Structures are given as structure tokens and as C-alpha cells.
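Note sheet for the following structure.
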Amino acid sequence: MAGWVPADALGRRVLCGTEYGTVRYVGSVPPTAGIWLGVEWDDPQRGKHDGTYEGTQYFKCRHPRGGSFIRPNKANFGVDFLTAIKGRYGLNENQNGQNGIENTCVFGNKTVEFVGRDSIEKKQSQLHQLVHISVHECAVSHAGQKEEISGTCANIRHIDLSKNLVSCWDTVIDIASQVPNLETLDISGNKMKFPSTSISVSNAFSKLTTLALNQTGITWTEVLLCAPGWPVLEELYLTSNNITVLERPDHVLQTLKLLDLSNNQLLDGSQLHLIGHLPRLEQLILTNNGISSVRFPDAEFGCKTKMFPSLKRLAINDNKISQWSEINELDKLPSLQVLECRNNPLMDTEKNPETLRQLIIAKISQLEVLNKSEIFPDERRGAELDYRKIFGKAWLAAGGHWDPERNKPSEEFLAAHPRYPSLCLSKYKSNSESQKKCSHLCTCAFLYLEYGVPEEGELKGQQPLTLKNQLLTLTIKCPDNPEQKPVEKKLPESMTVQRVKGLLYRLLKIPGSELKLSYESSKLKGKEVELDNDLKPLQFYSIENGDSVLVRW
């Protein structure tokens, strides 16, 4: 059986069984008789050759074995949008409650009975009431008769058109132009042809706020050519499109709040400068792009970049970031609150994940959530205090000094630790004094915390993780009970406050009262820090050898 071939078959998307492909050739293939379709398959494993048969090349494929020939009767060229809706929601004339539809539905291994399903189907038959439509994998290839959709489904606001047979952007416009209130559109998984030159602006997407174009083969240039038609777009998803270069979006995408570029190949982090002036962009997702460097050269360390003024969330998981200098750069982002950076080579530079987390927290001043875990004030305080101590010796060696007049750390140190001055020297500078030293092109990043410069005895280096180095020699004191003599104990720095309390109950034979613990540094007499979180280890509070734990009840 030859099968019917549409006049516009060349370039159309087809479905053969469960395999998707694009028609690249229509015609004869001697010595066989009849019409054949040359198809380039989405999955190259389905193919047999590159479009060449017995020495003659009929079409080209990106993969050397990505193509094959099929008879037209094997190809499904798809259905119109409204037919797919009726089929999906059981609204075709031969699919109603009187023709054998049962009041059950299977979910996994469970069969669920729906009470009143007939009445639900009756309600769904009023297509104009439908607001959310999903025709995922329903072989939709075209809009259908003109005005047919608008005359039948006038109230649709959200459409899932993913994984269908849409071959060109014009088809999407034809459908959307008949849905005047369209707000959300997902056309992911449709490998289609997009405009290569400027197109006339359509009103089809005048209310569209969310658009998903994942796995469609679109380029950034094509995005910008279509973007004038998206005047109020807020969320744009462009994952897995092999996008390698960006261009500056002048006069378009100015309302965008979320941009997902995951699973592309941007590689060069400087490409981000081209989208750095989107005024409302709050979320940027760059997972798995091969990025190894992120730089904001318009701002010096300690100052904020003019790029990404509204960016609150940045996801750079699964990239190639390996240097701490890239984390330093992120502190230049003026609004950054949420960072995801898992599975980068940098994550392997510290054996202890907790140490790695504390370093990132200390380096990025405004961060509130790291790798989907909230940063509480006491965690930030502990991280910044420890950072101040760990790199204190390097600060001194680089020219740092407790006397502000003699404090002149090298440029190399400040480049490696740009937040160190704001953590340590703040009590010597007023806000207004530091602001005067910053260029009018940036905003000063100093926090003016009251940590002060670390005393010489506080300074410590990063030690190897041996048992000896993890034990703290502490003096246990009971200031409100002078008859209780001080006791010296060696405790693991990983011991939680809760376990310390349990030990002290037994050691001091304290009656059943609630203990309140604090500690006093041997270098800063009179300064007491409350151990206020039972679940935190001693090292969280930067307790050191020779410090005193104060016990009250």
C-alpha cells in the first residue's frame, strides 16, 4: 500500500511507531518501485545510513547512521490541534459513556474507580470551559481549520504541546492566535524550523508569560527574532538546544524574570555579559554548560557589578568551575541570594563538605540559600569568624597589620580574599568613609561587621584531619557555682553541643536542669559567645584549644 503523502511532506515531522523523525526526501529509490520517504531520525540508533543508498545520496543526516527509507503508509503525519484535544479528553463522537467507557482508570498497578465520571465527561464536552490543556505526545502537527480553535476553546490559558509533530514556528502562531488569553505554552520536544530573518510582530502571544522551548533546536539568534512577539514574557526555558553563543537582547526580553539555559554549550562565561543587562532577570539557570569561568570585569573587588542588577538565584551545577576566584566574582552580584553550584571540580578541593560550604558562605556576603539549604544567621557568623582566623596568617604575611595606618595587604591577597577587609577591618572605618573610596560606578560591598581584626593568638592555619588535630583541650567552668572547681577535658571538635551537655550532666553531676552553655576565648578575655544550637558541632563556633566552656543551669 503506497499511502498518502502530503504536498508539504518535505521537512515535516513524522511518527513511526514510537520513533520521531523529519522527512528529508520524498520520491523514488531505484531499483524499487513506488514512493519512499527518506527520514532523519531523532534517535540515530533507529537509522541505517546517512541518506546514501547504493552510491546515490538522496538526503543528508547529521549522524552517519541517522537515516533510513520508509514507505508513506508507515509514517504518521499527525492530526490537528482540536482533534488531539478531543482524543485526549475522550470527547470524540465514538468515545462517550454510552459506547463502553468504564468509570475506572489505571494508575501504575492500581485501578481507581471514578464516581460520576460520566458527568465529568459531560462537563468536559463543553470545550469552551477548558482552561488547562495537555496534548503531550498526541501527534499534533497543525492548527486545523481557521478559527476552529477560537470558536470551540475560547477560555484556554495554559497549553502543553510538548513532544508532538509541529514542524515550524508558523504552526505555533496559528494555534496561539486562536487562544487570546494564552499565558503558558510548552512546545518542548518539537524539532521545528524557526524564522531566520525578522518577522512581522504577531499579537498571538500578547498575554504569554511562560514559554518552554526545550529540545526544539532553536538558536539564540532565532530566539531574538521571535522575541518581539513576546511583550510580557517572564519565564523562558531553552534547555538542551546546543546553544553555543549569545547576543545582546536589545529592546526584547526586557520583562524576563527567569531564563533556563541548562544543557547547552556556552563554554565561555564571558558570553553571559551579553545578557547581563536584562533589567528584571531574577533567576538564571546554567546547569551543565561546560562553563569554567565567570567574570564581571566592570567592578573591582569589594564593589558590585552593574550586570544582572536583579539576579537573586544562580544555578551553575555540573559545570567546570575549579577556582575559588570564580566564587569571589559571584560576590559582585548585587542581589544574589540563592546559589546552586554542585558537581563542579571546585567541590573536590576540600575533603570536608562542611568546610567547603563555610568557605563559600564567607566569600559571598548576601547569600541566603546554598545548594538548596538555608543559611541561618548563626551559620553565617561561624563561617565568617572561622574564615577570618584561617587566613589571618596569610593576611599578615601579605602586609596586613592590626594598625590601620600600617595595614597594606598586597593586591594578590585582596584578589584571593576580597571580603577579608570587610570581615576584619570594619570597626576602623565608617560607612561613609569607605563609600568615598569606591568608584561612583559601583556599590560598596563592605558589611561593617563587628568582628574586628583577629588577635595574633587567634590566627590559625588549615590543619590536616588527624584525630590529634580534631581534639580540643577545654576548661569547663561554672561561673555561677564557685564551689565547682574548673575541670580540663579533651573533646572532639566535631562533638555537638547536645552531646557536650550530656557529658557535662554526668561529669558535674548536675541535677535535672536545663543547661546553658557559652564559651570564652583564651585570647579575648571577657567576651562570651553563647552555644545556642544543640545540633551544631563545637568547630562551628570556632572554639580553640585553651578556651573555656561556661556552664550555667
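The values are calculated or read from the model by the stated rules, or taken from the named source; none is laboratory data. If you're wondering where the values come from, they're calculated on a predicted model, not measured in any experiment. Cβ sites come from the backbone with ideal geometry, for glycine too, and all protein chains shown count toward neighbours. Keep in mind that these areas ignore ligands, DNA and RNA; they rest on the heavy atoms of the full protein, side chains included. Shrake-Rupley method; radii C 1.70, N 1.55, O 1.52, S 1.80 Å.
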Ser325 passes all but one of (1) among the polar types (S, T, N, Q); (2) modelled with pLDDT of 95 or more; (3) open to solvent by 10 Å² or more (accessible area, probe 1.4 Å); which number fails?
(2)
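Counting just the residues of the range 348-358 that are of a type outside the set (Lys, Arg) and more than 10 Å from Arg380 (Cα to Cα), which one comes out least open to solvent (accessible area, probe 1.4 Å)?
Restricting to residues being of a type outside the set (Lys, Arg) and more than 10 Å from Arg380 (Cα to Cα), the top hit is Leu356.
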List, please: which pairs have Cβ atoms under 8 Å, are six or more places apart or on different chains, and start with a residue in the range 29-41 that is in contact (Cβ under 8 Å) with a residue 40 or more places away in the chain and end with one that is open to solvent by 60 Å² or more (accessible area, probe 1.4 Å)?
Val29/Tyr53
What pairs come out if I take residues in the range 497-517 that are assigned to a helix (DSSP H, G or I) and pair them with residues that are of a type outside the set (Phe, Trp, Tyr) and loosely packed, with under 15 Cβ neighbours inside 10 Å whose C-beta lies under 6 Å away, six or more apart or interchain?
Val497/Asp534; Gln498/Asp534
In the range 192-207, anything in contact with a Phe, Trp or Tyr (Cβ under 8 Å, 6 or more places away or on another chain) and assigned to a loop (DSSP other than H, G, I, E, B) is listed as Met192, Phe194, Pro195, Phe205
Out of curiosity, is Arg13 among the charged types (D, E, K, R), in contact with a Leu (Cβ under 6 Å, 6 or more places away or on another chain) and within 21 Å of Glu137 (Cα to Cα)?
yes
(1) surrounded by fewer than 18 Cβ atoms within 10 Å (Cβ to Cβ); (2) modelled with pLDDT of 95 or more all hold for Leu256 apart from (1)
Here's a check for you: in the range 1-46, which residue that is open to solvent by 40 Å² or more (accessible area, probe 1.4 Å) and in a strand (DSSP E or B) is farthest from Gln57 (Cα to Cα)?
Glu19
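Looking for whichever is within 21 Å of Thr210 (Cβ to Cβ), open to solvent by less than 30 Å² (accessible area, probe 1.4 Å) and at pLDDT 95 or above here; the options are Leu261, Leu272. Which one fits?
Answer to the check: Leu261.
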Between residues in the range 394-412 that are at negative phi and residues that are modelled with pLDDT of 90 or more and surrounded by fewer than 17 Cβ atoms within 10 Å (Cβ to Cβ), which pairs lie under 6 Å by C-beta distance while being six or more apart or on different chains?
Ala398/Ser410; Lys408/Gly399; Pro409/Gly399; Ser410/Gly399
Go through the range 528-546 and give me each residue that's part of a loop (DSSP other than H, G, I, E, B) and surrounded by fewer than 19 Cβ atoms within 10 Å (Cβ to Cβ).
Asp532, Asn533, Asp534, Leu535, Lys536, Asn545, Gly546
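Looking at the structure I just gave you, is Gly382 on the phi < 0 side of the Ramachandran plot, in contact (Cβ under 8 Å) with a residue 12 or more places away in the chain and in a helix (DSSP H, G or I)?
Here the answer is yes, as Gly382 does meet what is asked.
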Lys312 fails exactly one of the following numbered conditions: (1) closer than 22 Å to Tyr420 by Cα; (2) of a type outside the set (Asp, Glu); (3) touching a Ser or Thr at 6+ places or on another chain (Cβ under 6 Å). What is the number of that condition?
(1)
Any residue that is of a type in the set (A, V, I, L, M, F, W, C) and touching a helix residue (DSSP H, G or I) at 6+ places or on another chain (Cβ under 6 Å) - is there at least one of those in the range 209-222?
no
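One line per residue, one yes/no per condition, for (1) aliphatic (A, V, I, L, M); (2) under 22 Å from the mean Cα position of the chain (by Cα); (3) in a helix (DSSP H, G or I):
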residue	(1), (2), (3)
Ser335	no, yes, no
Leu356	yes, yes, yes
Asp386	no, no, yes
Lys389	no, no, yes
Gly399	no, no, no
Trp402	no, no, no
Glu405	no, no, yes
Leu414	yes, no, yes
Pro418	no, no, no
In this structure, is Ile70 more than 30 Å from Gln178 (Cβ to Cβ) and either open to solvent by 60 Å² or more (accessible area, probe 1.4 Å) or charged (D, E, K, R) (or both)?
no
Give the residues of the range 144-169 that are at pLDDT below 95 and open to solvent by 30 Å² or more (accessible area, probe 1.4 Å), sorted by residue number.
Gly144, Gln145, Lys146, Glu147, Glu148, Ser150, Gly151, Thr152, Ala154, Asn155
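For the range 185-243, how many residues meet the condition of being polar (S, T, N, Q) and in contact with a strand residue (DSSP E or B) (Cβ under 9 Å, 6 or more places away or on another chain)?
So in the range 185-243, the residues polar (S, T, N, Q) come out as 188, 190, 196-198, 200, 202-203, 206, 209-210, 214-216, 219, 221, 239-242.
Retained after the next criterion (residues that are in contact with a strand residue (DSSP E or B) (Cβ under 9 Å, 6 or more places away or on another chain)): 188, 190, 209-210, 214, 239.
Here the count works out to 6.
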Criterion first (over 23 Å from Leu286 (Cβ atoms) and out of contact with any Phe, Trp or Tyr (no Cβ under 6 Å at 6 or more places or on another chain)) does Ala398 satisfy it?
no
So Cys138, is it at pLDDT 95 or above and either open to solvent by less than 40 Å² (accessible area, probe 1.4 Å) or more than 26 Å from Leu213 (Cβ to Cβ) (or both):
yes
Quickly run through the range 472-486 and pick out the residues that are within 17 Å of Trp553 (Cβ to Cβ) and either touching a residue at least 60 places away in the same chain (Cβ under 8 Å) or surrounded by fewer than 15 Cβ atoms within 10 Å (Cβ to Cβ) (or both).
Ile476, Lys477, Cys478, Pro479, Asp480, Asn481, Pro482, Glu483, Lys485, Pro486
Given the conditions (1) within 19 Å of the chain's Cα centre (by Cα); (2) open to solvent by 40 Å² or more (accessible area, probe 1.4 Å), which single one is not true for Leu238?
(2)
Of residues in the range 507-527 being open to solvent by 20 Å² or more (accessible area, probe 1.4 Å) and within 18 Å of Asp386 (Cβ to Cβ), the one modelled with the highest pLDDT:
Glu520
